[in-house]
Amino acid sequence: MSKEILQTFITMCVYIAIVICIGVYFAKRSNKNSENFFIGGRSLGPWVAAMSAEASDMSGWLLMGLPGVAYWCGIADAFWTAVGLAVGTYLNWLIVSKRLRKYSVVAGNAITIPDFFSNRFKENKKVLMTIASLFIVIFFSVYAGSCFVTCGKLFNQIFGIDYQLMMVIGAIFVIAYTFLGGFLAESVSDFMQALLMIISLLVMLLVGVFEAGGISHVIENINGIPGFTEFFNIAQPTVVDGVQQVADGEPVFGPAVKYGFLSILSMMAWGLGYFGMPQVLLRFIAIRKADELKRSRRIATVWCVISLAAAVCIGLIGRSVYSTAPELLTKSGAETIFIYMSKILLHPIFAGVIMAGILAATISSSDSYLLIAVSAISKNLYQGVLKKNATDKQVMTVSRITMLIVALIGIIIALDENSIIFGIVSFAWAGFGATFGPLMLFSLFWKRINRAGAIAGMLSGGIAVFVWKLVLNPLGGIFSIYELLPAFIISCIFIVVVSLCTKAPSAEIQAEFEAAKTIEC
């Protein structure tokens, strides 16, 4: 191991040690009871709630997936995705957060998303809770897989060590950390990681611009690529066996392809996903005061806009300077542009800090995903359905067993080192957005929705994501649209039609709906 790599490695180890210390510090408090373990006893402040929500949401996708998309095919795909996400972030905090914080208290003091849905509709037979829990486990296993892919690519790129080995080691670290500290440790460390992520992005952006010779040189270098800098056209790298071709020292691109309204709508639809993201929605439930959510909204939106813009720009800058680097000539390899630039442009110690930013993003997401998946099985299925008199100690035991199983599924998903982080995340994002998004909005704001409509909406949305992605999308044409949008619409239709065709909700449910508007908490 060279001196430079050793310095980078030591810096990252120091960061990991800090994260572990946070877990140890909060371990006793988090393990006091299941409410503390899963939502931190509703004690999050506005800064921690906002920053931890965004860090757990964006994950390594922000520092690898999004810059990789911009590097590979230009501004259009990355820009419209970023716009959709920024708008979705703002609207979610504006529309959903305060109402959900209050309603979760009214609905039996719900501490998980399946809890909320089940309590909201006064279930005796926990059908809604069971379906919600199973979808959470399915899609968070996929999400965890994307995070483990990030770990593998990160350490493989830095140290040249086998991808699969490093992916498994990264997964083991995340499991151990989440085991230790629960939601509160996760949220506090996520706050720190969100700071590190945005600092890493801004530092890399500034250094990259300097290395390229200024913004004008960046624009000049990428303007020659057909469709690369356009919002309504997209660049097409010429590839053979998945590898972009290079001729006369320049990367080869085909003619630009039109990026039409359907494509823009497809990418903007990413914003719809926020209404169903459990890792974000839980922060709304966990904040200590509903009135503090306004400040959290401003913090989260500013962080999101700056981070997304910086990530897209880093991809563009990377293409202008390192367009023929062998490591970046595949779509999967393009997702390492952030790491590649860090290694080349920064002192090893500073590069270590930047790499820790990627590791921070990965940890902040994967621990959230594991914890929420675990709560769905142990708290909702085990205690809520199978063994209603289960003690907190038994719930915690089942939680840890479940965490190992979900993590193992994620590791299996991540075994392929050619996995595209952006693609994995997009499928899981669509799954949550269509399964929970419409139901969350109707549950919070439509008094007439009933349990039958809720079940129909959840099932139709989740199933539509699989059918559209696996069956219809390969047909092309209008079916090539991102599966979240049609699945979201299908779920909405089922909720409305089934609710109106079946019995209205009880007077008790309607009274709770009204009470959630005025309760102070």
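The values are calculated or read from the model by the stated rules, or taken from the named source; none is laboratory data. Note that the structure is predicted; figures quoted are calculated from it, not measured. Counting neighbours? That spans all protein chains shown, and the Cβs are built from the backbone with ideal geometry, glycine included. Areas reflect the complete protein model, heavy atoms only, side chains present, ligands, DNA and RNA absent. Shrake-Rupley method; radii C 1.70, N 1.55, O 1.52, S 1.80 Å.
The single condition among (1) of a type in the set (A, V, I, L, M, F, W, C); (2) in contact (Cβ under 8 Å) with a residue 40 or more places away in the chain; (3) open to solvent by 20 Å² or more (accessible area, probe 1.4 Å); (4) not in a helix (DSSP H, G or I) that VAL257 does not meet is (2). Considering each residue of the range 329-339, count those that are at pLDDT 90 or above and out of contact with any Pro (no Cβ under 9 Å at 6 or more places or on another chain), and give that number. Residues that pass the stated criteria total 1. A residue that is open to solvent by less than 80 Å² (accessible area, probe 1.4 Å), in contact (Cβ under 8 Å) with a residue 40 or more places away in the chain and β-branched (Val, Ile, Thr) cannot be found anywhere in the range 459-469. Condition check: within 19 Å of ILE358 (Cβ to Cβ) and either under 14 Å from the mean Cα position of the chain (by Cα) or at pLDDT 85 or above (or both). Does GLY145 satisfy that? Criteria met by GLY145.
Residue-wise test of (1) open to solvent by less than 70 Å² (accessible area, probe 1.4 Å); (2) of a type in the set (Gly, Ala, Ser); (3) closer than 20 Å to ILE481 by Cβ.
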{"position": "GLN236", "(1), (2), (3)": "no, no, yes"}
{"position": "GLY249", "(1), (2), (3)": "yes, yes, no"}
{"position": "SER266", "(1), (2), (3)": "yes, yes, yes"}
{"position": "MET277", "(1), (2), (3)": "yes, no, no"}
{"position": "VAL280", "(1), (2), (3)": "yes, no, no"}
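I'm checking my understanding of the structure. Among residues of the range 389-446 that are of a type in the set (Asp, Glu) and assigned to a loop (DSSP other than H, G, I, E, B), which one is most open to solvent (accessible area, probe 1.4 Å)?
GLU417
The condition (being more than 21 Å from VAL96 (Cβ to Cβ) and under 25 Å from the mean Cα position of the chain (by Cα)) is satisfied by just one residue among ILE413, ILE490: ILE413.
For ILE478, all conditions in the list (1) closer than 20 Å to LYS102 by Cα; (2) open to solvent by 20 Å² or more (accessible area, probe 1.4 Å); (3) not charged (D, E, K, R) hold save one; what is the number of the exception? Unmet for ILE478, out of (1) closer than 20 Å to LYS102 by Cα; (2) open to solvent by 20 Å² or more (accessible area, probe 1.4 Å); (3) not charged (D, E, K, R): (1).
Considering ILE463, ILE449, the condition of being in a helix (DSSP H, G or I) and at pLDDT 95 or above is satisfied by ILE463 alone.
Total residues in the range 164-183 satisfying the condition of being modelled with pLDDT of 65 or more and in contact with a Phe, Trp or Tyr (Cβ under 7 Å, 6 or more places away or on another chain): the figure is 4.
Picking from residues in the range 124-151 that are among the hydroxyl-bearing types (Ser, Thr, Tyr) and open to solvent by less than 10 Å² (accessible area, probe 1.4 Å), the one that is farthest from LEU370 (Cα to Cα) is THR150.
Yes or no, residue by residue, for (1) over 24 Å from GLU327 (Cβ atoms); (2) at pLDDT 95 or above:
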position: SER56; (1), (2): yes, no
position: GLY60; (1), (2): no, no
position: LEU66; (1), (2): no, no
position: VAL69; (1), (2): no, no
position: GLY74; (1), (2): no, no
position: LEU91; (1), (2): yes, yes
position: LYS98; (1), (2): yes, no
position: ARG101; (1), (2): yes, no
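Every condition in (1) open to solvent by less than 10 Å² (accessible area, probe 1.4 Å); (2) farther than 26 Å from THR362 by Cβ; (3) in a helix (DSSP H, G or I) holds for ASP115 except the one numbered (1). Against the test of being modelled with pLDDT under 90, farther than 28 Å from ASP57 by Cβ, more than 20 Å from the chain's Cα centre (by Cα) and not in a loop (DSSP other than H, G, I, E, B), the options ILE478, ILE509 yield a single qualifying residue, ILE478.
Taken over the range 184-205, residues that are open to solvent by 10 Å² or more (accessible area, probe 1.4 Å) and either modelled with pLDDT of 80 or more or not in a helix (DSSP H, G or I) (or both) amount to 7.
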